[in-house]
Amino acid sequence: MSALFQRNEAQKNQTAKWDSNSSARVPRHSSGWMKMLARLKAESGLWVLDIGPTSPNNINFLTSLGHSVYMADLVDEAVKPEWMLPKSADEAQGYDAEGFLAKHMDFGDRKFDVILLWDTLDYVPGPLAEAILGKVASVLSEHGQILAFFHSRMSGPETVFCRYHVQDGDTIQTQKGPSHPVLRNYQNRQIEGLFQSIGSSRFLLAKDNTREVVVSSP
């Protein structure tokens, strides 16, 4: 299978913005990435969905292993006011989840073997987080796996929104991005509940107040 990646024009523009305002890359140990990397090295021709700020580094690394890559840069888009629905003063804020998915997560009939969700769910409004997770579940292939991160604190230096760059080995590189706040903290039981309909969740050790979870579908 030939290596390929797909991203839209908005993602290309966002990548240029990150690159023009680039901050230092900081290495971070990741047991979850180690588990994913082992599979990516053992199998060929997988379809990978990278949900995070577009990283040319990730595209090059994953395609060099013989896999096909789709990109979905969601956090910057999800916090834009255009997705908010009109409401009265006493109503909770609603969002056009259907429109958001149609614009940013339209993969046709494509199914993915590996989904790098990163910490996306921590930063997007609740109704959109729910919609994103539903879409992720629908496009995950049989025996597919998801790598997700969850912050255990609402604030602090370890909660800064980052772009994750993958590489060979037991570390990934983090690169500070726009100032998006963490909107919620999921507890372990809540995280298990999020992925219960998808498959089993395995929590992996992390030392920076971040929970790493690998979800495996049957």
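The values are calculated or read from the model by the stated rules, or taken from the named source; none is laboratory data. In this text, all values refer to a predicted model and were calculated from it rather than measured experimentally. Virtual Cβ from ideal backbone geometry, glycine too; neighbours counted across all protein chains shown.
Table: residues versus (1) at pLDDT 95 or above; (2) over 17 Å from residue 105 (Cα atoms).
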position	(1), (2)
1	no, yes
12	no, no
48	yes, no
62	yes, yes
68	yes, no
72	yes, no
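Listed here are the residues, each with its yes/no results for (1) part of a loop (DSSP other than H, G, I, E, B); (2) under 22 Å from residue 202 (Cβ atoms).
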| residue | (1), (2) |
| --- | --- |
| 28 | no, yes |
| 39 | no, yes |
| 54 | yes, no |
| 59 | no, no |
| 66 | yes, no |
| 73 | yes, no |
Tell me, yes or no, whether segment 152-164 has at least one residue that is closer than 20 Å to residue 34 by Cβ, in contact with a helix residue (DSSP H, G or I) (Cβ under 7 Å, 6 or more places away or on another chain) and not basic (Lys, Arg). no
Could you check residue 124 against (1) out of contact with any helix residue (DSSP H, G or I) (no Cβ under 7 Å at 6 or more places or on another chain); (2) in contact (Cβ under 8 Å) with a residue 24 or more places away in the chain; (3) over 21 Å from residue 27 (Cα atoms) and say which number it fails? (1)
Kindly list the number of the only condition in (1) over 15 Å from the mean Cα position of the chain (by Cα); (2) within 30 Å of residue 98 (Cβ to Cβ) that fails for residue 180. (1)
Checking residue 177 against (1) crowded, with 17+ Cβ neighbours inside 10 Å; (2) of a type in the set (Gly, Ala, Ser); (3) in contact with a strand residue (DSSP E or B) (Cβ under 8 Å, 6 or more places away or on another chain); (4) farther than 15 Å from residue 52 by Cα, which single condition isn't satisfied? (4)
Wholly enclosed strands (runs of 3 or more DSSP E) of segment 148-218 bearing at least 3 residues under 18 Å from residue 73 (Cα atoms): 162-165, 171-176
Sole miss for residue 110 among (1) of a type outside the set (A, V, I, L, M); (2) within 28 Å of residue 44 (Cα to Cα); (3) out of contact with any strand residue (DSSP E or B) (no Cβ under 7 Å at 6 or more places or on another chain); (4) assigned to a loop (DSSP other than H, G, I, E, B) is condition (3)
Return yes or no: is residue 94 exposed (fewer than 14 other Cβ atoms within 10 Å of the Cβ), over 17 Å from residue 215 (Cβ atoms) and small (Gly, Ala, Ser)? yes
Selected residue (criterion: surrounded by the fewest Cβ atoms within 10 Å (Cβ to Cβ)) from residues of segment 130-147 that are in contact (Cβ under 8 Å) with a residue 24 or more places away in the chain and outside any strand (DSSP E or B): 130
Which condition number in (1) of a type in the set (Asp, Glu); (2) surrounded by fewer than 19 Cβ atoms within 10 Å (Cβ to Cβ); (3) under 26 Å from residue 192 (Cα atoms) is the one that residue 113 fails? (2)
